[in-house]
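> Here it is: the structure, laid out below.
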Amino acid sequence: MKFYITTPIYYVNDIPHVGHSYTTIAADILARWKRLNNYDVFFLTGTDEHGAKIAAAAKEKDKNALELCDEMSAKFREAWDLLNISNTDFVRTTEQRHVLAVNKVVQTLFDKGFIFSKKYEGFYCIGCERFYAQKDLDENGCCHFHKTKPVLQSEENYFFKLSSFQKSLLERITDKNHKEHIDIQPEERRNEIVGKLKLGLEDVSFSRSAIEWGIPLPFDKKQTVYVWIDALINYITGIGYPVDETKFQKFWPADVHLMAKDILWFHSVIWPAILIGANLPLPKKVYSHGFFTLNSNKMSKSLGNVISPKELVDKYGVDAARYLTVTLIPFGPDGDISWQGLTLKYNTDLANNLGNLISRTIKMAEKYFDLLVPQTIPNLWLAKNAAALLQENFASNMDNIQLHKAAESLQDAITLVNKQIETDAPWKLARTDMVKLATCIYSYLQAADIIAMHLLPFMPTLSEEIWRITGATGSIIETAKKYFTDRVIPETGFSVAGSQLRVSGILFPRVTE
Ligand code: MSP
């Protein structure tokens, strides 16, 4: 089975911040989860490099546009390396392979009569890279997202007949049994899209005559492809369209396009219309999460309140930075983050709950069993309880992209084990009942192994470390792949009696404000 997941391609006028990281880490967690479930995963991200905004940013910095794109695109790749993102490919819209894909789609739409030229006048917001009608602006004539006044522009442009797709789109979005059904999530946002769609669709700009920094239209080289049309096509460029037919057929349609709500309309209306027009299948799911703000302010370069991935990693370490970014607010609605909130969650979930489980268990094994998995009757009761709890709550939440809930169930499993440690009070057993102590320590190790396997998508490095610390045998990834297929815990457990444990350094040193 295959699974194809994408993030938006990010504009290179901005440096990667925690907002971009939010979507990318989430997509990475889902990609890793599907790999553990034996899917053949393709995970695509990249950078959006054409259009007015990028041209203006280059001019401002007195740089050639491509030079700016090379520099900034590299910063995104560096950020994703730092965050241990496992993308399969990285598309840049200035690459030749993308130009080929755009030409093919654009020419097909033109040949099928979906493109026409007309004179147009509208308010262009360079931040959104789109035209607005007066009625779409706020009472001060500003764009709702950027709070800036778009400029009235008039151009002879090519247009895409979006209006002729209203019926086909409505059917595909609302009818779950349609063979080309496109599932827009969360539901409230789907309802908004459907409501807007029902009001009717206006044709959209397909080219720009005034913007040189773009891909020339194959049928009129004086105009460039409108940056949004150019950008959306990246999702098929990345999997080989139109040159690698086998790869394209294997991975298209996308299983999930992930993004924030700001660009849901482009992904759930304009992109599907282009695909229907070009006779290509539609993505299965379009999922938009909320925006997060920092101390109640929208993160932006101009406000100077962006958090960079590096700041997060420096403070909490890579794995914890990944975990905190995606679990601090519910995945879907908007939410506010703060450094206090991040640190509190780090200390509660990681330093205290998970960190304590591992350190207490290993310390006792070191003190009383020479740092070996105790020889005892295999006691899998606790591991099985943790596994049952996770089986019930973890997988379905991961599959429904409710990452914060999946993480909550992990915390519940960790708490379950910690509570058992409190109840057993093994530190007292050392004086009274060494046989029981051995069984207890053994059972904590097995439960920790179950937890580590589920933690893998969120914390790939530390889960492997926990696996080694607890003396578990074999590769955690291969073991997890098998476990998620058959859900069977081996009779000897994963950490076999007599195996060598490792002393753990402090996995999650406490962080102070
Ligand atoms: N280039 C277009 C996307 C084209 S996709 C075919 C674009 N780029 S962007 O750089 O502005 O990225 C927007 C996306 O970045 C959002 O949809 C979201 O995925 C992510 N985020 C940026 N800031 C964010 C927050 N503050 N909160 C949540 N997500 C954020 O739009």
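The values are calculated or read from the model by the stated rules, or taken from the named source; none is laboratory data. Just so you know, these numbers come straight off a predicted model, no measurement behind them. Using ideal geometry, Cβ is built from the backbone for each residue, glycine included, and neighbour counts are taken over all protein chains shown. These accessible areas exclude ligands, DNA and RNA; they are computed on the full protein's heavy atoms, side chains included. Shrake-Rupley method; radii C 1.70, N 1.55, O 1.52, S 1.80 Å.
> Using Cα atoms only, what is the angle between the long axis of helix 65-82 and the major principal axis of the chain, expressed in degrees (0 to 90) to the nearest 10?
20
> Where Lys and Arg each count +1 and Asp and Glu each count -1, what net charge lies around residue 45 among other residues with Cβ under 10 Å from its Cβ?
-1
> Okay, next question. Which of the peptides 198-204, 339-345 is most tightly packed, and how do the rest follow, going by the mean number of other Cβ atoms within 10 Å of each residue?
Answer by packing, highest mean first, reads 339-345, 198-204.
> Further, regarding this structure: Distance check, please: which entries in 261/482; 119/149; 119/147; 198/284; 285/482 exceed 29 angstrom between their Cα atoms?
Correct reply: 261/482.
> Here's another thing I want to ask about it. How would you classify the range 280-361 from its alpha-carbon gyration tensor, with a ≥ b ≥ c the square roots of the eigenvalues: rounded for a/c under 1.5, else prolate if a/b is greater than b/c, otherwise oblate?
It is oblate, given that a/c is not under 1.5 and a/b is not larger than b/c.
> Where nothing but the Cβ of Lys and Arg (+1) and of Asp and Glu (-1) is charged, how large is the charge dipole of the chain around its Cα centre, in debye to the nearest 20?
It comes to approximately 440 debye.
> Determine the dipole magnitude for the range 339-486: charges of +1 sit on the beta-carbon of Lys and Arg, -1 on that of Asp and Glu, nothing else is charged, the reference point is the Cα centre, and the result goes in debye to the nearest 20.
Once rounded to the nearest 20, the dipole reads 340 debye.
> Moving on to the next point. Given 394, 277, 216, which one lies farthest toward the positive end of the charge dipole of the chain, if we put +1 on the Cβ of every Lys and Arg and -1 on the Cβ of every Asp and Glu?
394
> Here is a further query. Which of the three applies to the range 161-251, rounded, prolate or oblate, going by the alpha-carbon gyration tensor with a ≥ b ≥ c and a/c under 1.5 meaning rounded?
Oblate, since a/c reaches 1.5 and b/c is not below a/b.
> Next question. Using alpha-carbon pairs under 8 Å, 6+ residues apart, how would you state the relative contact order of the range 155-224 in percent?
Reported relative contact order: 40 percent.
> Separate question: Calculate the length of the line joining the C-alpha centroid of the range 173-195 to that of the range 322-366, in whole Å.
Centre-to-centre distance over Cα atoms comes out at 34 Å.
> Follow-up. Over the alpha-carbon set of the range 349-425, work out the extent along each principal axis and list the three values in angstrom, largest first.
44, 28, 21
> Semi-axes, largest first, in whole Å: what does sqrt of 5 times each Cα gyration tensor eigenvalue give for the range 44-190?
Largest first, the range 44-190 gives 28, 25, 20 Å.
> Given 47, 107, 22, which one lies farthest toward the positive end of the charge dipole of the range 1-137, if we put +1 on the Cβ of every Lys and Arg and -1 on the Cβ of every Asp and Glu?
Projecting each Cα onto the dipole axis, the largest value belongs to 107.
> Accessible area per residue for the chain in Å², computed with a 1.4 Å probe and the full protein assembly in place, what is it?
With all protein chains present, the chain gives 42 Å² per residue.
> Further question on the same structure: How about the range 411-513: which trypsin sites (Lys or Arg not before Pro) there lie in a loop by DSSP and see at most 15 other Cβ atoms within 10 Å?
Loop-located and lightly packed - 487, 502, 510.
> Among DSSP beta bridges lying fully in the chain, give the percent that are antiparallel, nearest 5.
In the chain, approximately 50 percent of DSSP beta bridges are antiparallel ones.
> If I take every Cα pair under 8 Å that is 6 or more residues apart in the chain, average their sequence separation and divide by the length, what percent do I get for the relative contact order?
Normalised by residue count, the contact order of the chain is 16 percent.
> Angle check, please: helix 18-36 long axis (alpha carbons) against the longest principal axis of the chain (alpha carbons), in degrees 0 to 90, nearest 10.
60
> Helix 460-469 against the longest principal axis of the chain: what's the angle in degrees, Cα atoms only, rounded to the nearest 10?
Around 10 degrees separate the two axes.
> I need the per residue convex hull volume for the range 339-486, using only the alpha carbons, in cubic angstrom as a whole number.
114
> Treating only the Cβ atoms of Lys and Arg (+1) and Asp and Glu (-1) as charged, compute the dipole magnitude of the range 152-302 about its Cα centre; round to the nearest 20 debye.
For the range 152-302, the charge dipole is close to 300 debye.
> On to the next question. At q = 0.06, 0.07 Å⁻¹, what log₁₀ I(q)/I(0) does the chain have when each alpha carbon counts as one equal point scatterer in the Debye sum?
Taken in order of the listed q values, log10 I(q)/I(0) reads -0.33, -0.44.
> Here's a follow-up. Restricting to DSSP loop positions (anything but H, G, I, E, B) with no more than 16 other Cβ atoms inside 10 Å of their own Cβ, which chymotrypsin sites (Phe, Trp or Tyr not before Pro) remain in the range 187-240?
219
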